[in-house]
Amino acid sequence: MLIALLVLVLLIVLIVAKSAIVVPQQSAYVVERLGKYHDTKTAGFHFLLPFIDTVRYRHDLKEMALDITPQICITKDNVQVEVDGVLYLKVMDPERASYGVANYRFAISQLAQTTLRSEIGKIDLDKTFEERNMINTAVVTELDKASEPWGVKVLRYEIKNITPPADVLAAMEKQMRAEREKRAIILQSEGQRDAAINTAEGEKQKVIKASEAQKQKQINEAEGEGQAILTIATATAEGIRRIAEAINEPGGLQAVQLRVAEQYIEQFGKLAKQNNTLILPADLSNIASLIATAMSVIKPNKD
């Protein structure tokens, strides 16, 4: 009796174990009923029919990183390079991921390798380092098309390393060194050219400024001379005006006669000292006649 009870308890425990399952978060269980797909169980507690329903596949729905084995690829210019990368994917449809392909991880990794070899073969060695993003995008596009029937979404692909042969690396190093030296020479020549241009521009500005200064100097001198002439003329005119006014005053005419006589005697004396040959008037004693002649010019103005 005790043995039968123990057997019954074990049977109940077995039935419960077979019929109750707990699916973790971000997981999906594919359930088959009598060997045929029945349902996909998501996160939570679920009951199954004992000995009829079976959990056949368990899938992780989180994003997964798949390491792609390093491989030798040949570029367009026939250079062998070793390339490796990492692939990020996610299961979107657990049913198709279970029955669409035997092992979707292996299938996608192999497809990623062949696609990468194809993309590397389309470009030259120098371009492989410059266009990683383009290669990554092309690989993701091709893998996404192929993996859609498998219920898997390829999110992105990243190239980790591109390693050319040692001799190619040495040649590339020499090329880069030559490029750096070339750029240095070009920069030096451009600096010398700019310096020469700046010097020439400075000399040009110096000449322009000097000519403008000379021009301004001449203008200022001309204006000064004009002002001086105008001032002298104004002073002369004022002096003449005042002389005329003085002549018209009482005793002015007699003063003019006296001044003319003095100037005549003074200039005649100088003439006698400076010249050996003299032209003398016929009547030296008649100074009054000379003064009368000079005054004949002034008297009409008085009238």
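The values are calculated or read from the model by the stated rules, or taken from the named source; none is laboratory data. Bear in mind that the values here come from a model prediction, so they are computed numbers and not experimental data. A quick note on method: Cβ atoms are made from the backbone with ideal geometry, for glycine too, and the neighbour counts reach across all protein chains shown.
Selection of the range 43-67 for residues being outside any strand (DSSP E or B), surrounded by fewer than 14 Cβ atoms within 10 Å (Cβ to Cβ) and under 57 Å from the mean Cα position of the chain (by Cα) yields Lys62, Glu63.
The residues in the range 161-178 that are within 22 Å of Asn133 (Cβ to Cβ) and not in a loop (DSSP other than H, G, I, E, B) can be counted, and the count is 5. Residues in the range 80-94 that are crowded, with 17+ Cβ neighbours inside 10 Å and either of a type in the set (Asp, Glu) or not in a strand (DSSP E or B) (or both): Asp93, Pro94.
All of Ala184, Ala97, Ala112 fail the test of being modelled with pLDDT under 90, among the small types (Gly, Ala, Ser) and not in a strand (DSSP E or B), apart from Ala184. Taken together, the residues in the range 115-152 that are assigned to a helix (DSSP H, G or I) and within 19 Å of Ala28 (Cβ to Cβ) amount to 4. In the range 143-193, the residue that is surrounded by the fewest Cβ atoms within 10 Å (Cβ to Cβ) out of those that are touching a helix residue (DSSP H, G or I) at 6+ places or on another chain (Cβ under 9 Å) and basic (Lys, Arg) is Arg156.
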